[in-house]
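The values are calculated or read from the model by the stated rules, or taken from the named source; none is laboratory data. This one's a predicted model, so the numbers in the text were calculated from it and none came from an experiment. Methodologically, a virtual Cβ is constructed for each residue, glycine included, from the backbone with ideal geometry; neighbour enumeration extends over all protein chains shown.
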Amino acid sequence: MAAAQAGDSAAYRRLLDELGPWLRRYYTRRLPPSIVDDAVQETLIAVHEKRHTYDTSRPFAPWLAAIARYKWIDRLRALKRLPTEALSEDISVPDHESAVVSATVLEQLLAGLKPAQAEVIRLVKIQGFSVEEAAARTGQSASLVKVNIHRGLARLTLTVQSQAYADG
Amino acid sequence: MDDLLDSLVADLEPVRRRTSTGDALAIGLLCALELSMFLGVGSMRPDMRFAIAEPALWWKFATFGVLALLGLGTAILSFDPSISPKRGLWWIAAAVAAALVVGGIVNAPMHHQPDLAVRLNWRSGLQCVMVMSVLALPMLVLLAVLMRRGAPTHRRGTALAVGVAAATWGAFVFVFACPHDDPLYVSIWYGVGCAVTTVYARALLPLLTRW
């Protein structure tokens, strides 16, 4: 900054390049993501306009942090002034019934399988782990995991088909 | 973002650093100028030779001199973004309390004076308020300019310190001309005079010095 105060463009560019990521981290922790960029840019402009107030005999970080904090508070005040609208009590939301029913039915079906089969189906087919990860978690070999998944799914298919036949 | 950085770098010019010493020098110059002009036009109270023997006059000088110094120091320091005016404002509050206590002690021998309305002399009091406010203006303008040039991050606190500094400086200058030494009169009317300048500085300066 001392060099920038003397008019050294290259040093100033380096400084601004380093300040950008620091300010982004600072505001990411304190502001909604949609206004982080604006806050960073506004602070860089403030640093530019007030660069003559930096006293080179003192550390740079507290000076920068004070400006960043000042702009942060400014942003918070601006956010407070933004008009907000209360949500109605009877606002419609998507129905979760089918998801809840599916999860319950699936648990009932899995309960009919051997525990080793149900466990690897949960890990690989529902939670998205790889076969190797499921093997590491359950202590089964990778090939046993594959066999258990295959047999478990086949048994589930049979169960569903027989229930559909019975209902039909 | 790159466009912004490019434009900032393109706009770069050498700057003259702001220093507290530079601000203090400018203020010192204004103080000397204002005081010499005020006394130069013959505003000094005619009985000054006798008044200097009164403790009440010294109490007035000390009170407003100390408050002006504290206010100016707090204001100048808080033009730096990393310095808060809070501690200075607490010192000012403590100094006001101490001044009132000392004023009460100085006031004790004057209890034989007539009734309150005569002691407070509201016509003269309002004149004092007006003159003090006018005398505070040059300092207020200079401090506002310095505040705009600085980077105060606690604008309201800094504006309050600026208001106190300008108001008490105006009162200090006025002490040379004001014939009233009654501590009760001084506490009330000088208090009102200082409050007027402080209130409008506190209300206006945060708006005028946004950055």
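Please enumerate the residues belonging to region B:71-95 that are in contact with a helix residue (DSSP H, G or I) (Cβ under 7 Å, 6 or more places away or on another chain), free of Cβ contacts under 8 Å to residues at least 40 places away in the same chain and away from chain A (no Cβ under 14 Å).
If the condition is that a residue be in contact with a helix residue (DSSP H, G or I) (Cβ under 7 Å, 6 or more places away or on another chain), free of Cβ contacts under 8 Å to residues at least 40 places away in the same chain and away from chain A (no Cβ under 14 Å), then B:Gly73, B:Trp91, B:Ala95 are the ones that fit.
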Got at least one residue in region B:28-49 being surrounded by 12 or more Cβ atoms within 10 Å (Cβ to Cβ), more than 8 Å from every other protein chain (Cβ to nearest Cβ), touching a helix residue (DSSP H, G or I) at 6+ places or on another chain (Cβ under 8 Å) and of a type in the set (Gly, Ala, Ser)? no
Quick check, is B:Gly28 free of Cβ contacts under 8 Å to residues at least 40 places away in the same chain, within 14 Å of B:Leu143 (Cα to Cα) and under 15 Å from the mean Cα position of the chain (by Cα)? yes
Can you find a residue in region A:67-86 that is touching a residue at least 24 places away in the same chain (Cβ under 8 Å), over 20 Å from B:Ser82 (Cα atoms), more than 10 Å from chain B (Cβ to nearest Cβ) and out of contact with any strand residue (DSSP E or B) (no Cβ under 8 Å at 6 or more places or on another chain)? yes
Take residues that are touching an Asp or Glu at 6+ places or on another chain (Cβ under 8 Å) and of a type in the set (Ser, Thr, Tyr) and tell me which of the helices (runs of 4 or more DSSP H) falling wholly in region B:1-112 contain 3 or more. none
How many residues are within 17 Å of A:Ala2 (Cβ to Cβ), in contact with a Phe, Trp or Tyr (Cβ under 8 Å, 6 or more places away or on another chain) and either at the interface with another protein chain (Cβ under 7 Å from one of its Cβ atoms) or at pLDDT 95 or above (or both) when one looks only at region A:39-54? 2
Which of the residues that make up region A:1-59 are over 17 Å from B:Leu12 (Cα atoms) and β-branched (Val, Ile, Thr)? A:Thr28, A:Ile35, A:Val36, A:Val40, A:Thr56
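To keep it simple, each residue is scored yes or no on (1) under 16 Å from the mean Cα position of the chain (by Cα); (2) without any contact (Cβ under 8 Å) to a residue 40 or more places away in the chain; (3) away from chain A (no Cβ under 14 Å).
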residue	(1), (2), (3)
B:Leu120	no, no, yes
B:Gln127	no, yes, yes
B:Ser133	yes, no, yes
B:Pro138	yes, no, yes
B:Ala144	yes, no, yes
B:Arg149	no, no, no
Is there a residue being among the small types (Gly, Ala, Ser) and surrounded by 14 or more Cβ atoms within 10 Å (Cβ to Cβ) anywhere in region B:105-119? no
Hey, A:Arg30 out of contact with any Ser or Thr (no Cβ under 6 Å at 6 or more places or on another chain), more than 9 Å from chain B (Cβ to nearest Cβ) and touching a residue at least 40 places away in the same chain (Cβ under 8 Å) or not: yes
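Condition test on A:Ala118, is it more than 14 Å from chain B (Cβ to nearest Cβ) and modelled with pLDDT of 85 or more?
yes
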Filter region B:169-211 down to the residues that are charged (D, E, K, R) and in a loop (DSSP other than H, G, I, E, B), then identify the one that is nearest to B:Ala136 (Cα to Cα). B:Asp181
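Going by what's in this entry, would A:Ala61 be described as farther than 17 Å from B:Leu8 by Cα, within 8 Å of another protein chain (Cβ to nearest Cβ) and at pLDDT 90 or above?
no
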Could you please give the count of residues in region A:137-151 that are touching a residue at least 24 places away in the same chain (Cβ under 8 Å) and under 13 Å from A:Leu123 (Cα atoms)? 4
So how many residues does region A:23-42 have that are over 20 Å from B:Ser7 (Cβ atoms) and surrounded by fewer than 16 Cβ atoms within 10 Å (Cβ to Cβ)? 8
Does region A:137-146 include one or more residues that are in contact with a Lys or Arg (Cβ under 9 Å, 6 or more places away or on another chain) and modelled with pLDDT of 85 or more? no
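May I ask you to list the residues in region B:18-42 that are hydroxyl-bearing (Ser, Thr, Tyr) and under 22 Å from B:Ala177 (Cβ atoms)? Working first, answer last.
In the first step, residues of region B:18-42 are kept if they are hydroxyl-bearing (Ser, Thr, Tyr); the result is B:19-21, B:36.
The answer is B:Ser36, and nothing else.
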If B:Tyr185 satisfies all but one of (1) away from chain A (no Cβ under 14 Å); (2) touching a Pro at 6+ places or on another chain (Cβ under 6 Å); (3) among the hydroxyl-bearing types (Ser, Thr, Tyr), what's the number of the condition it fails? (2)
Restricting to region B:6-26, and then to whatever is of a type outside the set (D, E, K, R) and in contact with a Phe, Trp or Tyr (Cβ under 9 Å, 6 or more places away or on another chain), can you tell me which residue is farthest from the other protein chains (Cβ to nearest Cβ)? B:Ser20
